[in-house]
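*Asks:* Following this message is one structure expressed as structure tokens.
The values are calculated or read from the model by the stated rules, or taken from the named source; none is laboratory data. These figures come from a predicted structure and were not determined experimentally. Using ideal geometry, Cβ is built from the backbone for each residue, glycine included, and neighbour counts are taken over all protein chains shown.
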């Protein structure tokens, strides 16, 4: 233990090392603070939209006296509240909407209209704790390790230190352990503070912590192997920085370009446009032909009486759904392409441990691509429940009362993290 204390005092006596550790502490604390602030902002936005939607719904109820009006004018909020660890690794939540109001109209246009970015194109992302861990903490380790041996050699002390009995156990292992321990302690302490504030569970906090220690351990190993070489201090620093640059930036960016080029997907905006055009063109299509196409999908409504007026709500909602059916192949191709790109990125990450760890952080925080896709699946499932709720009133002339207005399906988050 005295060897460790000696190395701690020795490290704290180096001004550059102290400033580096202090800078890492400040950056980690800032990232956690910003992450907690962003999560609070998202939760507040969800709560605000849901509250305002209740007011809007009450106003619509005063004039929407039939099912067609109710389905047309009424918006239904869906939401995906951030997990308790989202503050540390925002992932897809940085670019994907956490709340979406939908109507019982064509859905694909509503979904893709809200995709301001292609989520698979995000690389480093927002300045959060995961960014500090993956991109900045290795640079701190480089500063602490690059001259561990070469500095002693250049000062003329290396031979004497090597000649000490059990030099490895008494000198070098304590020096490595102190540097690994200080960086790990800073990151873990700051993260645990954020996890405590956010109310994160013990198991997920431990899993996240294990990845922090794995990342620090990986770069400690790399830095140690380079520092033990015969190169000068500037050479060691340059080599370590080059490895960091290749593994953390060049490798992921290059592989991302290759994956995108070899896995083409339909453009989300094109899907939205195609969906809207299909719906608009339906106004000029024979109404009976449109209804017959719909009845093939829902034969239980095939006995609905023929249209008696130029416009009826059942025809309108029939071609709304057919508009979704029209772009379903494109939508499936889009989802399959996104999934394939994410899977290929996962394979590439096997050769880039820091990126694999970053993906693991996002998975634990439930902010990865799979979490975003799951939210869209819930939206689609809810939309199906919503529109099929109105179909009996539209196609079978079932009376629509204020009680039926209130009985429309409500969206619920499966984790129980609902915001009201």
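*Asks:* Condition (residue is at pLDDT below 95 and closer than 30 Å to residue 317 by Cβ) applied to region 89-97: is it met by at least one residue?
*Replies:* yes
*Asks:* Sticking with this one: Got at least one residue in region 267-279 being assigned to a helix (DSSP H, G or I), within 21 Å of the chain's Cα centre (by Cα) and under 22 Å from residue 348 (Cβ atoms)?
*Replies:* No, every residue in region 267-279 fails to be assigned to a helix (DSSP H, G or I), within 21 Å of the chain's Cα centre (by Cα) and under 22 Å from residue 348 (Cβ atoms).
*Asks:* A further question on this structure: With the condition kept exactly as written, say whether any residue in region 58-66 is out of contact with any helix residue (DSSP H, G or I) (no Cβ under 9 Å at 6 or more places or on another chain), assigned to a helix (DSSP H, G or I) and within 30 Å of residue 393 (Cβ to Cβ).
*Replies:* yes
*Asks:* Would you mind telling me which numbered condition in (1) farther than 30 Å from residue 216 by Cβ; (2) surrounded by 15 or more Cβ atoms within 10 Å (Cβ to Cβ) residue 352 fails?
*Replies:* (1)
*Asks:* Just one of 282, 302, 278 is without any contact (Cβ under 8 Å) to a residue 12 or more places away in the chain, more than 30 Å from residue 245 (Cβ to Cβ) and touching a helix residue (DSSP H, G or I) at 6+ places or on another chain (Cβ under 6 Å); which is it?
*Replies:* 302
*Asks:* (1) closer than 19 Å to residue 101 by Cβ; (2) surrounded by 17 or more Cβ atoms within 10 Å (Cβ to Cβ); (3) modelled with pLDDT of 95 or more: which one isn't true of residue 69, the others all being true?
*Replies:* (2)
*Asks:* Looking at this structure, is residue 29 closer than 22 Å to residue 364 by Cα and part of a loop (DSSP other than H, G, I, E, B)?
*Replies:* The answer is no for residue 29.
*Asks:* In region 291-317, which residues are closer than 12 Å to residue 394 by Cα and surrounded by 11 or more Cβ atoms within 10 Å (Cβ to Cβ)?
*Replies:* 301, 304, 307, 312, 313, 314, 315, 316, 317 - these are the residues of region 291-317 that are closer than 12 Å to residue 394 by Cα and surrounded by 11 or more Cβ atoms within 10 Å (Cβ to Cβ).
*Asks:* Considering only residues that are within 26 Å of residue 244 (Cα to Cα) and touching a residue at least 40 places away in the same chain (Cβ under 8 Å), which ones fall in region 186-217?
*Replies:* 186, 187, 190, 191, 207, 208, 211, 212, 214, 215, 216
*Asks:* Quick check on this structure: which one of 361, 386 is in contact with a strand residue (DSSP E or B) (Cβ under 8 Å, 6 or more places away or on another chain), modelled with pLDDT of 95 or more and buried (at least 20 other Cβ atoms within 10 Å of the Cβ)?
*Replies:* 386
*Asks:* Can you name the condition, by its number, that residue 370 falls short on among (1) surrounded by fewer than 22 Cβ atoms within 10 Å (Cβ to Cβ); (2) in a helix (DSSP H, G or I); (3) more than 10 Å from the chain's Cα centre (by Cα)?
*Replies:* Tallying (1) surrounded by fewer than 22 Cβ atoms within 10 Å (Cβ to Cβ); (2) in a helix (DSSP H, G or I); (3) more than 10 Å from the chain's Cα centre (by Cα), residue 370 fails exactly one: (3).
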